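Step one of this worksheet: look at the structure below.
The values are calculated or read from the model by the stated rules, or taken from the named source; none is laboratory data. Only a predicted model underlies this, so the values are computations on that prediction, with no experimental measurement involved. Positions of Cβ are generated from backbone atoms using ideal geometry, with glycine treated the same way; all protein chains shown enter the neighbour counts.
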Amino acid sequence: MKKLVVLLLLVSFVSNYAQFSAPKISAKKTFHDFGTVVEGQVVNTAFEISNTGNADLTINNVQASCGCTAAKPDKNILKPGEKTAIKVEFNSANRLGPQEKYVYVMTNDPKSPDFKLNFTCVVVQKTESKPVEVKVPKLKLSKNQYDFGKVEEGKLVEVKIGLKNTGKGVLEIQDVKTSCGCTAALVSSKKLNAGESGNIRIELDTANREGIFTRTVTIFSNDPTGPNQVITLTANIIKRKA
């Protein structure tokens, strides 16, 4: 009689344990919004799945609706408390407007055998962007060398050399430097709009000089292709006649 009672109690315990011992699938989030997606763009996200039950959770299959793919989880069997991730990818090619897609996770959870995840987005048409034109200046000199020829010592000679902005941006003359104190240079304008012209007036003082004489004038500007342009000046300085 006692053995029969013990057997009945054991059967009852096993039955109750089996009834209350079951896996339970849970997700940190079951919905994701990608927001606005440009047509043709591929977007992805990941859903974290966990087993909050008290028996092993078996992931039998993962199925995605049209237009998206779902990767298999890192683990197919989750012990109580364990987690895994299901990665979802959506290709928006040939789709426009609001989109809502589903991913079904099929498990041995008796209450949620087909666990549903979903995401949304709005696919907008791809627009071709026109290349932005970068307007840059370009300094062109009418000449980059000048020969004064024979000059009597002590004379002050000068020349004007033309400047033109052949680019599309505003040309800025940032500085002008001469190779010695015997040369002076002055530009007519420090800013030239696209297509505008100006000049640089250069003076050469031949006092106390003799023979072949060479000096340079350097123009510094915001021309990206020629920021430092050099003008070379030459003269044959002869002795002053008595």
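Of the residues Glu203, Glu210, Glu158, the single one that is at pLDDT below 90, of a type in the set (Asp, Glu) and either closer than 30 Å to Val134 by Cβ or over 41 Å from the mean Cα position of the chain (by Cα) (or both) is Glu210.
Counting only strands (runs of 3 or more DSSP E) that sit completely within region 74-148, those holding 1 or more residues that are of a type in the set (Asp, Glu) correspond to 83-91, 97-107, 114-124. State whether one or more residues within region 197-204 are of a type outside the set (S, T, N, Q), exposed (fewer than 13 other Cβ atoms within 10 Å of the Cβ) and either in contact with a strand residue (DSSP E or B) (Cβ under 9 Å, 6 or more places away or on another chain) or assigned by TED's automatic domain parsing to the domain that holds Asp147 (or both). No, because not a single residue in region 197-204 is of a type outside the set (S, T, N, Q), exposed (fewer than 13 other Cβ atoms within 10 Å of the Cβ) and either in contact with a strand residue (DSSP E or B) (Cβ under 9 Å, 6 or more places away or on another chain) or assigned by TED's automatic domain parsing to the domain that holds Asp147 (or both). The set of residues in region 134-184 being in contact with a Lys or Arg (Cβ under 9 Å, 6 or more places away or on another chain), of a type in the set (Lys, Arg) and either under 17 Å from Thr214 (Cα atoms) or free of Cβ contacts under 8 Å to residues at least 60 places away in the same chain (or both) consists of Lys135, Lys140, Lys155, Lys160, Lys164, Lys168. On inspection, Ser12 does not qualify as modelled with pLDDT under 90 and surrounded by 11 or more Cβ atoms within 10 Å (Cβ to Cβ). Going through region 162-186 one residue at a time, which ones are of a type in the set (A, V, I, L, M, F, W, C) and surrounded by fewer than 16 Cβ atoms within 10 Å (Cβ to Cβ)? Across region 162-186, the qualifying residues are Val170, Cys180, Ala184, Leu186.
Selection of region 149-175 for residues being closer than 23 Å to Glu196 by Cα, of a type in the set (Lys, Arg) and not in a strand (DSSP E or B) yields only Lys168.
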